[in-house]
Amino acid sequence: MIFHLTDPERWEQSLAAGEHTGSSRGVELAEEGFIHCSTAAQWPATVERFYADVDALLLLHIDESLLDVPLVVEQLGEAPEPFPHVYGPLNLDAVVRVQQLRP
């Protein structure tokens, strides 16, 4: 299982579009080239580092075996460790749970 953080408004756009293309906070797949994800151990620190000031936040639980596009675990730039990256639009059926972290 891998995890992706997004806001409710962006997730609603994805549901309407039939796929998720949000890469990270305010950045789209077309800009970044991949969708940022985390492992179970990594996502809490990602919330603190990049989403501490966000009022409404969702955690998407993604079954990587259901992805239609490549998943690459890699260490990029100044990241402290390797992170999972989804290289293409996230198919919605790979999202097995949507958890509300903040109202």
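The values are calculated or read from the model by the stated rules, or taken from the named source; none is laboratory data. Please read these numbers as outputs of a predicted model, since none were measured by experiment. So basically every Cβ, Gly included, is an ideal-geometry build from the backbone, and we count neighbours across all protein chains shown. To get the accessible areas, we keep the full protein, side chains included, count just its heavy atoms, and leave off ligands, DNA and RNA. Shrake-Rupley method; radii C 1.70, N 1.55, O 1.52, S 1.80 Å.
With the condition kept exactly as written, say whether any residue in the range 51-64 is assigned to a helix (DSSP H, G or I) and modelled with pLDDT of 95 or more. Checked the range 51-64: at least one residue is assigned to a helix (DSSP H, G or I) and modelled with pLDDT of 95 or more. Looking at Pro70, Pro44, just one residue is closer than 11 Å to Leu5 by Cα, out of contact with any Leu (no Cβ under 8 Å at 6 or more places or on another chain) and not polar (S, T, N, Q), and that residue is Pro44.
Working only within the range 12-25, note down all residues that are outside any strand (DSSP E or B), under 20 Å from Tyr87 (Cβ atoms) and open to solvent by 20 Å² or more (accessible area, probe 1.4 Å).
In the first step, residues of the range 12-25 are kept if they are outside any strand (DSSP E or B); the result is 12-18, 21, 25.
Now restrict to residues that are under 20 Å from Tyr87 (Cβ atoms): 14, 17-18, 21, 25.
Hits for the range 12-25 are Ala17, Gly18, Thr21, Arg25.
If you go through the range 26-46 and pick out every residue that is outside any loop (DSSP other than H, G, I, E, B) and modelled with pLDDT of 95 or more, you end up with 11.
Within the range 53-70, residues that are closer than 18 Å to Gly18 by Cα have Cβ atoms under 9 Å from residues that are surrounded by 14 or more Cβ atoms within 10 Å (Cβ to Cβ) and of a type in the set (Lys, Arg) in these pairs: Leu58/Arg10, counting only partners at least 6 apart in sequence or on another chain. The residues listed here are Arg25, Arg10, Arg49; of these, the one that is under 10 Å from the mean Cα position of the chain (by Cα) and charged (D, E, K, R) is Arg25. Residues in the range 26-49 that are under 18 Å from Gln99 (Cα atoms), loosely packed, with under 15 Cβ neighbours inside 10 Å and of a type outside the set (A, V, I, L, M, F, W, C): Pro44, Glu48. Got at least one residue in the range 74-96 being among the aliphatic types (A, V, I, L, M), part of a strand (DSSP E or B), without any contact (Cβ under 8 Å) to a residue 40 or more places away in the chain and open to solvent by less than 60 Å² (accessible area, probe 1.4 Å)? No, every residue in the range 74-96 fails to be among the aliphatic types (A, V, I, L, M), part of a strand (DSSP E or B), without any contact (Cβ under 8 Å) to a residue 40 or more places away in the chain and open to solvent by less than 60 Å² (accessible area, probe 1.4 Å).
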